[in-house]
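The values are calculated or read from the model by the stated rules, or taken from the named source; none is laboratory data. Keep in mind that this is a model prediction, so the values were computed, not measured. Cβ placement follows ideal geometry from the backbone for every residue including glycine, while neighbour counts extend to all protein chains displayed. The area values use the complete protein model at the heavy-atom level, side chains included, leaving out ligands, DNA and RNA. Shrake-Rupley method; radii C 1.70, N 1.55, O 1.52, S 1.80 Å.
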Amino acid sequence: MEARASLKYARISPRKVKIVMDLIRNQPAEKAMAILKFTPKAACEDLEKLLKSAMANAENNHNMDVSRLYVSECFVSPGPILKRIRAKDHGRAHRILKRTSHMTLVLREKED
């Protein structure tokens, strides 16, 4: 049994999200929540909501024990890139890439 939650089109670079996801992978759900709460990264806010959603899915949809959950998988993939232009000197323009992310988090129950 597994419970999943996903967040699509988050306005944060996948590279920034991956750093935080590496911290919570294979951690118990409660410990992962604490890590996200006290890590000063922009991606933590979205990932905390995603973890809460996955825990709620596990409890309500799959009747899993919340105290035995752990983050079995978490991954991020790039979403569409918003292309913007910034004015530069001598009438030139440089492109700015505003990246988006698709995040997925999977929780499983520990086997005793």
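Observations
- Matching residues in segment 2-22 - criterion: being open to solvent by 80 Å² or more (accessible area, probe 1.4 Å) and on the phi < 0 side of the Ramachandran plot: R4, K8, R11, R15, K16, K18, I19
- The set of residues in segment 37-63 that are under 10 Å from the mean Cα position of the chain (by Cα) and either more than 22 Å from T100 (Cα to Cα) or open to solvent by 20 Å² or more (accessible area, probe 1.4 Å) (or both) comprises E45, D46, E48, K49.
- Sub-9 Å Cβ pairs linking a first residue in segment 36-48 that is within 14 Å of L105 (Cα to Cα) to a second residue that is hydrophobic (A, V, I, L, M, F, W, C) and open to solvent by 30 Å² or more (accessible area, probe 1.4 Å), at least 6 apart or interchain, are L36/L23; A43/I19; A43/V76; C44/I35; C44/F38; D46/L7; L47/L7, ordered by first then second residue.
- Strands (runs of 3 or more DSSP E) (entirely within segment 4-106) containing at least 2 residues that are in contact with a Leu (Cβ under 6 Å, 6 or more places away or on another chain): 69-78
- K98 vs. criteria of a type outside the set (F, W, Y) and in contact with a strand residue (DSSP E or B) (Cβ under 6 Å, 6 or more places away or on another chain): yes
- Lone qualifier among A93, A87, A34 - being out of contact with any strand residue (DSSP E or B) (no Cβ under 9 Å at 6 or more places or on another chain), modelled with pLDDT of 95 or more and open to solvent by 20 Å² or more (accessible area, probe 1.4 Å): A34
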